[in-house]
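Please read the structure below before turning to the comments.
A short reminder: the numbers here are calculations on the coordinates, not readings from a lab. In this text, all values refer to a predicted model and were calculated from it rather than measured experimentally. Note: ideal-geometry Cβ built from the backbone for every residue, glycine included; neighbour counts use all protein chains shown.
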Amino acid sequence: MSGFEKQTYTQIPNSLFKIMGDMDECELKVVLLICRLTFGYQRDEAKISTRKIAESIGMNTASVDKGGDAAVKRGLLEKIIDGNKTTIWRTIVSDSEFESRQKSGDSKPESQSDNAIQKVNRRDSESESLLGVKESIKETEELKKDLPLFELAWERTKEYLKGEIVGSGYNDYVSSTRAIKFSDGIMEIDSVSDPAREWLKSRIQKTAERYLVGVLNAEVSVSFVSGVNV
């Protein structure tokens, strides 16, 4: 990869840059990834396992636990493990001192505070995150509004992959793919041929799975198939 991808950005709180010098690599990488999966998709929480985080940031699970615990202790993240052993990560955000004084009518200058990230009203994550997915995908003009959510998610993933793949691989193998089924966390993707399926599996499967985690706010495994008639 040469340079940053054009016109794809994630909002990162400015206060993070004030404290990053005090953070070790584990903590910083975990915080940046959770910021990507939350702020990057306009939501407050993300469901992702320690193993998936480790794969995404190139560290082992022990380092993820260490970094995550440090971020929780610092007050940047909240980590919740539900009854199904699903890990939910939330970014913790709060009004800056300046904003708080403005609300109370006191306009004294803001002091330099290391309060990293700001508290927002929690929302119904499940319904609003899905709504956010649909809204973001509407930018892709060729999509039909009546597609099922998992198909919309795959079309969004294809748009992302289009900017990641160098050469003719996207047009040759990815552009014609379609999501045909999503059940028990497994998304089946139909490809045009067996060679195409093998290329997709070896070249983009992991990247697609990581991106879909952010789109659907849930762990997703991708299975490429070929010759499906539906």
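Fewest to most neighbouring Cβ within 10 Å: what's the order for 27, 155? Write down the numbers at each step before the final one.
Working: 27 24, 155 18.
Ordered by Cβ neighbours within 10 Å, fewest first: 155, 27.
Given a cut-off of 20 Å, name the pairs among 79/201; 29/158; 52/206; 47/162; 158/181 whose C-alpha atoms lie farther apart than that in the structure shown. Table pairs above 20 Å Cα-Cα are 79/201; 29/158; 47/162.
Local charge for residue 72 was computed over the other residues whose Cβ lies under 13 Å away, with Lys and Arg +1 and Asp and Glu -1, and equals +1.
Database remark: amide H of residue 181 closer than 5 angstrom to the amide H of 188 (H placed geometrically; neighbours at sequence offset of 5 or more, or on other chains; Pro and chain starts carry no H).
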